[in-house]
Amino acid sequence: MSWCAHAASRAALLALVSAASVPAAAAQEALKGFTIVGDAIPSSLTGTKGDSARGRAIVTNRHVGLCLLCHSGPFPEERLQGTLAPDLRGAGTRWSEGQLRLRIVDAGRLNPDTIMPPYYRIHGLNRVAASFRGKPVLTAEQIEDVVAFLATLRE
């Protein structure tokens, strides 16, 4: 992919994620602190494990997570799935919970050129609609639910 096409794809993706419905809880929540160790956030953002059923619902929901815009996975009921990012099949085998957590919170910390949006960052973003400024895309609880679900995907 050319640099221009990559930049255009990234801008379009960030605009879509920025325009996504932000849950009411995310609008109220102050970001919880976390510590990065190597390529992971080893501790839960909430202090507890997430719910994998809720995580699956977030991953497949085209108004909340928007994951299937870029990713594909073991979701036969979802007709349109992305091809821009890694298949989610086997995510729990390839990455630890901490590695998954960092990739969802802010994949840009691992790869500044990623097209994966930061789901739990509110500063340093471009072209964010005024009504969404200062709000993470997902709450800490939702991040933990998605981590719990992805950890179950073991091919």
Answer with yes or no whether T114 is in contact (Cβ under 8 Å) with a residue 12 or more places away in the chain, of a type in the set (V, I, T) and farther than 16 Å from G50 by Cβ. no
Which one is least open to solvent (accessible area, probe 1.4 Å), of the residues in region 76-127 that are closer than 14 Å to G38 by Cα and polar (S, T, N, Q)? Q99
Candidate set: region 23-65, residues that are open to solvent by less than 60 Å² (accessible area, probe 1.4 Å), over 16 Å from W95 (Cβ atoms) and in contact with a helix residue (DSSP H, G or I) (Cβ under 6 Å, 6 or more places away or on another chain); chosen: the one modelled with the lowest pLDDT: G65
Can you tell which of G92, G55, G65 is in contact (Cβ under 8 Å) with a residue 60 or more places away in the chain, assigned to a helix (DSSP H, G or I) and under 12 Å from the mean Cα position of the chain (by Cα)? G55
Of the numbered conditions (1) among the polar types (S, T, N, Q); (2) at pLDDT 95 or above; (3) in contact with a helix residue (DSSP H, G or I) (Cβ under 6 Å, 6 or more places away or on another chain); (4) in a helix (DSSP H, G or I), S18 satisfies every one except a single condition; which is it? (2)
In this structure, does R154 turn out to be in contact with a Ser or Thr (Cβ under 7 Å, 6 or more places away or on another chain), more than 20 Å from V64 (Cα to Cα), touching a residue at least 60 places away in the same chain (Cβ under 8 Å) and open to solvent by 30 Å² or more (accessible area, probe 1.4 Å)? yes
Restricting to region 123-155, what's the tally of residues that are over 16 Å from G55 (Cβ atoms) and of a type in the set (D, E)? 1
Out of the residues in region 128-143 meeting the condition of being free of Cβ contacts under 8 Å to residues at least 40 places away in the same chain and assigned to a helix (DSSP H, G or I), tell me which one is surrounded by the most Cβ atoms within 10 Å (Cβ to Cβ). S131
Can you name the condition, by its number, that G108 falls short on among (1) part of a loop (DSSP other than H, G, I, E, B); (2) out of contact with any helix residue (DSSP H, G or I) (no Cβ under 9 Å at 6 or more places or on another chain)? (1)
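The values are calculated or read from the model by the stated rules, or taken from the named source; none is laboratory data. Note that the structure is a prediction, hence the values are computed from the model and not measured. Cβ: placed from backbone, ideal geometry, glycine included. Neighbour counts: every protein chain shown. Accessible surface areas use protein heavy atoms only, side chains included; no ligands, DNA or RNA. Shrake-Rupley method; radii C 1.70, N 1.55, O 1.52, S 1.80 Å.
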